[in-house]
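Novice: I have a structure here, written as structure tokens, and I will follow up with some questions on it.
Read-outs: derived from the displayed coordinates by stated rules, not from any lab. For clarity, every value in this text was computed on a predicted model and none was experimentally measured. Heads up, the Cβs are rebuilt from the backbone with ideal geometry, glycines too, and the neighbour counts pull from every protein chain shown.
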Amino acid sequence: MPPVHSQTQLLIVGGGPGGYVAAIRAAQLGIQTTLVEGAQLGGTCLNVGCIPSKALIHAAEAYAQARQPSSLGIRCEGVQLDLAQTLAWKDGIVAKLTGGVGALLRRHGVTVWQGWAEVIDGKTVDVRGAEEAVQRIRCEHLLLAAGSTEVALPFLPFGAGNGRVVSSTEALAFAEVPRQLVVVGAGYIGLELGTVWRKLGAEVTVVEAQDRLLPAYDADLVKPVAQSLARLGVKSLLAHRVEGLNAAGDALSVREPSGTLVELPADKILVAVGRKPRTEGWGLERLMLDMNGRAVKVDAQCRSSMKNVWAIGDLCGEPLLAHRAMAQGEMVAELIAGQPRRFEPANIPAVCFTDPEIVVAGHTPASAEAAGLKVLQASFPFAANGRALSLEAPEGFVRVVARADNHLILGWQAVGAAVSELSAAFGLSLEMGARLEDVAHTIHAHPTLGEAVQEACLRALGHALHI
Ligand code: FAD
Ligand code: NAD
């Protein structure tokens, strides 16, 4: 069948947080916009990423709290997990949010095509949907927002061992709590989901190639997380090399640092060793774009090497974070509408939703020093914060990093219960160019975790009040 033609000003491939935000903003600015999504609107983030994982983290914590002996005088007996109900609740949140994205796109007049896009050239894309006819769409601007996919280990492919080896997508929907779960990779996904299934009752072993958990994070921040995992009974095997399934296909063969080969019996093996930009299988290579490793190379306006072809989000590489994709999508829409914009954020905060949580924004002391900056740094422990104690969460701290000469704040780090919410204050202070004095002299409500933010600045200035 010959393709059916249509024409649009902006064509977006991918309806994840990058693509759908770009579409909404473009439509607000009066740009005729078409979005093509092959799977579900909301992309990785809403369907099989940020949202379902955070929902399960919450459910697992609620279950663990109910089961553990409490010093609060609360006794729960006969606590049971109805996993089907837990998963249905999580799926309900996903459905609500993805439905909301569809409604927002409709309300803004974005044309949405359900189907897989194949790039023909920089102004032409074919869409194959459920119907037989191929839709050929011509555009003035092409925005590539196809996201990323999980990295597979060649010697441990997904699906091997009769479905035993899985990615994060399956690990968000196990029909039963695995008896023995082995997690390969102690990064974001491995620790977030490893903690979920441990709290829901699985025996969990995490195998990491490097010599520490969350190797991308500052060691001081990771220490409370490592202690908490040990308390929960998660076994961490560091500097271990994964070799593949054993001969029977029911255990993971792992080489210890000493060279000894051990077998870890597992009914599920979650491989979480990173994600890679989705650059293959949809004709992208026809554009012969400049690449940055596996990612599409873009400049500070998310322009690719071809005129009027733009790329955002995970497709253009690290950091693979939903809020980065959204910010880029919004910017590209405004650029196409003729507004002057550049993607030069003072920071992109990152949160690891472990127990306790970790937040980083801007420079750490080490990265500031590596950049040749002379810095002041100070930490304030949650053990001295009334709100943290009243939440039974005395672990962790907030740390501020500032220029020694003029006290300009360069970075923040925190580890502790619910510190993800501090990322807003951290991001804002960096974006607005706050100095230690600005935060130290801002009245922070009492009792809140935010007081630790203020106290870290006071401490850097040499006059903390509560320590
Ligand atoms: P995606 O969300 O991957 O969306 C791309 C979309 O494009 C997909 O829907 C895909 O189906 C579609 N597509 C691809 N190719 C085509 C084609 N040829 N035709 C049509 N459609 C196509 N980030 C955070 O910031 N916070 C978190 O807490 C967090 N948790 C995560 C937890 C997990 C388990 C995972 C896997 C990821 C997590 N992330 C998190 C990362 C986050 O999901 C991604 O950074 C974000 O989704 C990237 O957005 P994107 O729009 O670039 O791509
Ligand atoms: P990751 O990069 O966070 O961690 C991968 C880990 O696997 C690393 O510690 C690495 O050393 C280890 N590893 C690599 N090869 C290995 C091997 N052969 N054997 C043992 N260990 C090995 O990747 P991820 O956890 O898969 O997450 C992918 C991306 O998704 C992240 O980069 C992140 O940007 C995003 N994400 C973000 C969040 C969040 O923002 N809270 C949550 C989940 C995922």
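Novice: Looking only at the chain, where both bridge partners belong to it, what percent of the DSSP beta bridges are antiparallel (to the nearest 5)? Intermediate results must be reported in sequence, preceding the final value.
Specialist: Numbers: 49 of 83 bridges.
Rounded to the nearest five, the antiparallel share is 60 percent.
Novice: I need the P(r) histogram for segment 44-176: all alpha carbon pairs, bin width 10 Å from 0 out to the longest distance, whole percents.
Specialist: Using 10 Å bins, I get a P(r) of 9, 24, 29, 23, 10, 4, 2 for segment 44-176.
Novice: Relative contact order for segment 337-400 using alpha-carbon pairs under 8 Å, separation at least 6, rounded to a whole percent?
Specialist: Normalised by residue count, the contact order of segment 337-400 is 21 percent.
Novice: Please tell me the relative contact order of segment 225-379 in percent, rounded to the nearest whole number, where contacts are Cα pairs under 8 Å and at least six residues apart. Don't jump to the answer; show the numbers that get you there.
Specialist: Working: 173 pairs, mean separation 19.9, N = 155.
Value for segment 225-379: 13 percent.
Novice: Over the chain, what is the relative contact order in percent, taking alpha-carbon pairs closer than 8 angstrom and at least six residues apart? Walk me through the numbers on the way to the answer.
Specialist: Working: 1024 pairs, mean separation 67.7, N = 467.
About 14 percent, as a whole number.
Novice: Figure the gain on full extension for D438 and Q9 (residue separation times 0.36 nm, minus the Cα-Cα span) and round it to one decimal in nm. Write down the numbers at each step before the final one.
Specialist: On the way: separation 429, 0.36 × 429 = 154.44 nm, distance 4.50 nm.
So the chain would gain 149.9 nm between D438 and Q9.
Novice: Moving on. If I model a spin label at E280 and D299 as a point 7 Å from the Cα along the Cα→Cβ vector, what separation in nanometres do I get?
Specialist: With each label point 7 Å from Cα toward Cβ, the separation is 3.1 nm.
Novice: A further question follows. Quickly rank 184-196, 118-130 as a protection proxy: mean count of other C-beta atoms within 10 Å, highest first.
Specialist: Working: 184-196: 24.5, 118-130: 17.5.
Peptide ranking by packing, descending: 184-196, 118-130.
Novice: Quick one: grab the alpha carbon gyration tensor of segment 375-467, order the square roots of its eigenvalues as a ≥ b ≥ c, and give me rounded if a/c is under 1.5, else prolate or oblate depending on whether a/b is larger than b/c. Could you put the intermediate results ahead of the total?
Specialist: Numbers: a/c = 1.82, a/b = 1.55, b/c = 1.18.
The shape class here is prolate.
Novice: What three numbers, in Å, describe the spread of the alpha carbons of the chain along their principal axes, ordered from the longest?
Specialist: For the chain, the Cα extents along the three principal axes come out at 70, 63, 45 Å.
Novice: Follow-up question, since we're still on this one. Beyond a 28 Å Cα-Cα separation, which of these cross-linked pairs lie in this structure: K96/K223; K54/K268; K223/K374; K90/K199? Present the calculation step by step, with values, prior to reporting the outcome.
Specialist: Working: K96/K223 36 Å; K54/K268 21 Å; K223/K374 26 Å; K90/K199 16 Å.
In this structure, K96/K223 lie more than 28 Å apart at Cα.
Novice: What FRET efficiency, computed as 1/(1 + (r/R0)^6) with R0 = 60 Å and r the Cβ-Cβ distance, is obtained for R179 and D405, rounded to the nearest 0.05?
Specialist: Values: r = 58 Å, r/R0 = 0.96.
So the FRET efficiency works out to roughly 0.55.
Novice: Per residue of the chain, what 222 nm ellipticity follows from adding -39500 (n - 2.57) for every DSSP H run with n ≥ 4, rounded to the nearest 500? Before the final figure, lay out the partial values.
Specialist: Details: 14 runs with 146 residues, N = 467.
Estimated from H runs of four or more residues: -9500 deg cm²/dmol.
Novice: Also, quick follow-up: So if I place +1 on the C-beta of Lys and Arg and -1 on the C-beta of Asp and Glu, and nothing else carries charge, what would the dipole magnitude of the chain be about its Cα centre? I want it in debye, nearest 20. Before the final figure, lay out the partial values.
Specialist: Numbers: 40 positive and 46 negative charges, 96 e Å.
Here the chain has a charge dipole of around 460 debye.
Novice: When we measure straight from the Cα of K235, which aspartates and glutamates land under 13 angstrom away, once same-chain ones fewer than 8 places off are left out?
Specialist: Here the aspartates and glutamates satisfying the reach criterion relative to K235 are E203, E208.
Novice: Once you put a point 7 Å from the Cα of E140 and another 7 Å from the Cα of E392, both along the Cβ direction, what distance in nm separates them?
Specialist: With each label placed 7 Å out from Cα toward Cβ, I get 5.9 nm.
Novice: Starting with the highest mean, order 137-143, 91-97 by the number of other Cβ atoms within 10 Å, averaged over the residues of each peptide.
Specialist: Working: 137-143: 21.9, 91-97: 14.3.
Most protected by this proxy first, the peptides run 137-143, 91-97.
Novice: Neighbouring Cβ atoms within 10 Å as the yardstick, rank M331, M306 fewest first. Please report the intermediate quantities before stating the final value.
Specialist: Numbers: M331 24, M306 16.
In increasing order of surrounding Cβ atoms, one gets M306, M331.
Novice: Could you tell me which trypsin sites (Lys or Arg not before Pro) in segment 274-322 are loop residues by DSSP with no more than 10 other beta carbons within 10 angstrom of their beta carbon?
Specialist: Qualifying residues, ordered by number: K307.
Novice: Now, a different point. Once the piece of chain linking A366 and A103 is laid out straight, how much longer is it, given 0.36 nm per residue of separation minus the C-alpha distance between them? Don't jump to the answer; show the numbers that get you there.
Specialist: Values: separation 263, 0.36 × 263 = 94.68 nm, distance 4.51 nm.
Working it through step by step, the gained length comes to 90.2 nm.
Novice: Listed highest first by mean packing, meaning other Cβ atoms within 10 Å per residue, what order do 21-31, 3-13, 254-264 come in? Don't skip to the answer; put the middle values down first.
Specialist: Details: 21-31: 22.5, 3-13: 19.7, 254-264: 12.4.
Descending mean neighbour count gives 21-31, 3-13, 254-264.
Novice: Sticking with this structure for a sec: Would you calculate the separation in nanometres between label points at A445 and E131, each defined as 7 Å from the Cα along the Cα-to-beta-carbon direction?
Specialist: 5.2 nm
Novice: Pop out the ³J(HN,Hα) list for segment 451-457 in order, Karplus 6.51 cos²θ - 1.76 cosθ + 1.60 with θ = phi - 60°, rounded to Hz; leave Gly and Pro as x.
Specialist: 4, 5, 5, 5, 5, 4, 5
Novice: Spelling out what I want: for every residue of segment 267-274, take phi, set θ = phi - 60°, compute 6.51 cos²θ - 1.76 cosθ + 1.60 (Karplus), and round to whole Hz; glycine and proline get x.
Specialist: 8, 9, 10, 8, 9, 9, 10, x
Novice: Which value, in debye to the nearest 20, gives the size of the charge dipole of segment 20-144 about its Cα centre, when Lys and Arg are +1 and Asp and Glu are -1 at the Cβ? Don't skip to the end; give the middle numbers.
Specialist: Details: 12 positive and 11 negative charges, 81 e Å.
Dipole magnitude for segment 20-144 comes out near 380 debye.
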